[in-house]
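Encoded as C-alpha cells, the structure appears first; notes follow it.
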Amino acid sequence: MSKLELVEISKRFGAVEALRGLSLEVASGEFLSLLGPSGCGKTTALRIIAGFEHPDVGKLLVDGRDLTAIPANRRSMGMVFQSYSLFPNMTARENVEFGLRIRRRARAERTARALELLDLVGLAGTANRYPHQLSGGQQQRVALARALAIEPEVLLLDEPLSALDAKVRVQLREEIRRIQTSLGITTIYVTHDQEEALSISDRVAVLSLGCIEQIGAPSDIYREPRTRFVAEFVGTMNRLDGKVNPDGSIECGGLCVAHGVALGDHAPGEQVIVLVRPESIVLEELPEPQAASGDLFEGRIVAHTFLGAVTRVTVSVAFGAVTADLPSSRALGLSPGTRVSVRIDPSGVRLLSIGTSGPGSDGSGPTGGGSGGSGPTGEAESPGEEGSATAGGLPTRSAASL
Ligand code: ATP
C-alpha cells in the first residue's frame with residue numbers, strides 16, 4: 001500500500017493547458033476517482049502518474065519518493081485502459097503473465113500467479129482462451145488481472161468500463177471495488193460518469209479545466225457542492241435565481257420557496273443561486289387553484305421521464321420550471337396537466353453566491369449530471385467519449401506500465 005502525492009503539476013500541449021497546478025494526495029489503500037467532463041485533464045493526470053507524460057512543472061511522490069523523473073517502466077504502476085488492450089496473440093493466462101515475464105520471474109511462479117489472479121477476477125475457467133474468444137467484460141477482467149499481476153504500488157484505471165454495456169458496467173465496477181478493497185491497493189480511477197465515481201470511490205476529485213473544483217467523499221460532493229460547476233456536473237440539480245429575505249426565507253421570482261434553509265454566510269437581501277436536488281421537491285395534487293402560502297406554491301406538471309423506480313417530473317411554476325423525482329407508482333397519479341402544490345424540503349437546499357465559479361449556463365432551471373443521465377430539460381451536459389482514446393492503441397503502451 002502506497003501513498004501518492006501530486007504537487008502543483010502543470011502540463012501544457014501547445015496552446016492547451018491540460019493541467020494547471022494540480023495538487024492531490026491519495027492515501028494508502030484509498031480509492032480515488034478523478035471525475036470531470038471530456039478534456040478537463042483526467043487522462044493527462046493519470047498518464048503523468050504512470051510516467052507516459054512528463055509534467056512541465058510539479059512533482060509526483062509515492063511514499064515520499066520523488067518519481068517525477070523516473071521512466072514508466074521503472075515505476076510500479078498497474079494500468080487498465082478503456083480499450084481492453086490485450087495482446088491478441090496471447091491467451092488470457094499469457095496476457096496476465098506478461099508483466100512477470102518481462103520481470104524474469106520463473107515460469108511456474110508466473111503461471112501460478114496468473115491463475116490465482118484470473119480466479120480473483122472471476123475467470124478461472126478461461127485461462128486458455130484468446131481475447132477474441134472473450135466478451136468485452138471478460139477482456140477487461142483479464143486487463144485488470146494483468147495490471148495486478150506485478151503487485152503494483154498504485155493501480156490506475158482510465159475509463160475502464162466505458163466500452164461495456166450498462167449492466168456489465170455495474171457488475172464490473174462492483175467487482176473492481178471488491179478486489180481493490182480486498183487487496184488494499186491505492187487506486188486512481190478516471191471517469192466522466194458521475195454515478196460510477198460516486199458509487200465506488202472513497203473520495204472523488206471533480207476536475208474542470210485542469211484544476212480540482214472540489215474533492216471529498218461522494219456524499220459531500222453530491223450533497224454539498226461548493227461551486228456551480230460541481231452542482232451542475234454531479235447529478236441533476238435545479239438551479240434557481242433567488243434572494244435571501246429579511247426573515248431568512250428564500251424567495252424566487254417573488255414567491256417564498258423555502259423556510260429554514262441553512263444560510264451559512266449568506267446575508268438577508270443577498271441575491272443567491274438556489275440549488276435543489278429533484279428528490280427534495282415534494283408535489284401534491286391540488287384540485288383547486290390556491291394562492292401561495294408559507295413555502296407552498298403552485299405548479300403544473302408538464303412532462304414525465306420514466307427512469308425505472310423513479311419518474312422525473314418537470315413542473316412549470318411561476319418563475320420557470322423545476323424538476324422533481326417521484327416514486328414511479330406516485331407519478332402515475334400526477335399526469336401531465338395536473339395542478340400540484342410544490343414544496344421544497346429546506347434541508348435539501350444549498351445556496352451559492354452569485355458569481356461562484358463554473359462554466360454552467362446562466363439563468364434558472366434544472367441541469368443534468370455528467371453521466372449523461374439527463375433530466376427532461378435536455379440541458380444535461382453529455383461529456384464526449386473521444387478523449388479517452390488517448391489511452392488506446394495499446395498493447396505497446398500498457399507494456400510500458402507492466
Ligand atoms: P476525456 O474524458 O475526453 O478522456 P480528459 O479529461 O481525460 O478527457 P485529457 O485527455 O487529459 O482530458 O486532455 C486534456 C486536454 O489536453 C484536452 O484539451 C486535450 O485535447 C489535450 N491533450 C491531451 N493530450 C494531448 C496531446 N498529446 N497533444 C495535444 N493535446 C493534448
**Q.** Nearest-ten-degree value, helix 136-149 long axis tilted from longest Cα axis of the chain
**A.** 60
Q: Round to a whole angstrom and tell me the spacing of the C-alpha centers of region 328-343 and region 44-59.
A: 51
Q: Let me have the 222 nm mean residue ellipticity of the chain computed from DSSP H runs of 4+ only, each contributing -39500 (n - 2.57), with the sum over all residues rounded to the nearest 500.
A: -7000 deg cm²/dmol
Q: Mind jotting down the three principal axis lengths of region 26-154 based on Cα atoms? Whole angstrom, largest first.
A: 45, 35, 26
Q. Hey, got the Cα dimensions of region 244-342 along the principal axes, in Å, largest first?
A. 40, 29, 19
**Q.** Cross-link reach list, lysines versus K11, counting only Cα pairs under 27 Å and skipping chain neighbours closer than eight places
**A.** K3, K42, K59
Q) Expressed as a whole number of Å, what is the distance separating the alpha-carbon centroids of region 137-169 and region 68-95? A) 11
Q: Rank the residues K59, K42 as a footprinting-exposure proxy: fewest other Cβ atoms within 10 Å of their Cβ go first.
A: K59, K42
Q. Which three semi-axes in whole Å describe the equivalent ellipsoid of region 169-295, each the square root of 5 times a Cα gyration tensor eigenvalue, listed largest first?
A. 37, 18, 11
(Q) Which log10 I(q)/I(0) values does the chain give at q = 0.07, 0.11 Å⁻¹ under the Debye formula, counting every alpha carbon as one identical point scatterer? (A) -0.39, -0.83
Q) What is the spin-label model distance, in nm, from D165 to E279 if the labels are put 7 Å beyond Cα along the C-beta direction? A) 2.8
Q. In degrees, nearest 10, range 0 to 90: what is the angle between the Cα axis of helix 166-183 and the longest Cα principal axis of the chain?
A. 60
Q. Can you sort I250, I70 by how many other beta carbons sit within 10 Å, fewest first?
A. I70, I250
Q: Distance between Cα centroids, region 194-208 to region 270-295: provide it in whole Å.
A: 30
Q. When the chain is treated as a GNM, springs tying every alpha-carbon pair under 10 Å, which of I150, I102, I344 comes out with the largest mean-square fluctuation?
A. I102
Q.
As a test of understanding, state the convex hull volume per residue of region 120-167 from its alpha carbons, in Å³.
A. 94
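Name the shape class, rounded, prolate or oblate, that the alpha-carbon gyration tensor gives for region 169-208, where a ≥ b ≥ c are the square roots of its eigenvalues, rounded holds for a/c under 1.5, and otherwise prolate holds if a/b is larger than b/c and oblate otherwise. Numbers along the way, then the final one.
Details: a/c = 2.51, a/b = 1.39, b/c = 1.81.
Oblate, because a/c is 1.5 or more while a/b does not exceed b/c.
Between L307 and D63, what is 0.36 nm times their sequence separation minus the Cα-Cα distance? Round to one decimal in nm. It would help to have the intermediate numbers written out before the result.
On the way: separation 244, 0.36 × 244 = 87.84 nm, distance 4.45 nm.
83.4 nm is the gain from fully extending L307 to D63.
Is the shape of region 20-86 best called rounded, prolate or oblate, per the rule: a/c under 1.5 gives rounded, else a/b larger than b/c gives prolate, else oblate, with a ≥ b ≥ c the square roots of the Cα gyration tensor eigenvalues? Walk me through the numbers on the way to the answer.
On the way: a/c = 1.31, a/b = 1.14, b/c = 1.15.
Rounded is the answer for region 20-86, as its axis ratio a/c remains below 1.5.
So how do T323, T91 line up by other beta-carbon neighbours within 10 Å, fewest first? Walk me through the numbers before you get to the answer.
Details: T323 25, T91 20.
Lowest to highest Cβ neighbour count: T91, T323.
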Q) By how many degrees, between 0 and 90 and to the nearest 10, does the Cα long axis of helix 107-120 differ from the longest principal axis of the chain? A) 20
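Taken together, the values in this text are just the output of simple stated rules run on the coordinates, not laboratory data. Note that the coordinates shown come from a computational prediction; the quantities given were computed from them, not determined experimentally. Positions of Cβ are backbone-derived with ideal geometry, glycine not excepted, and every protein chain shown enters the neighbour counts.
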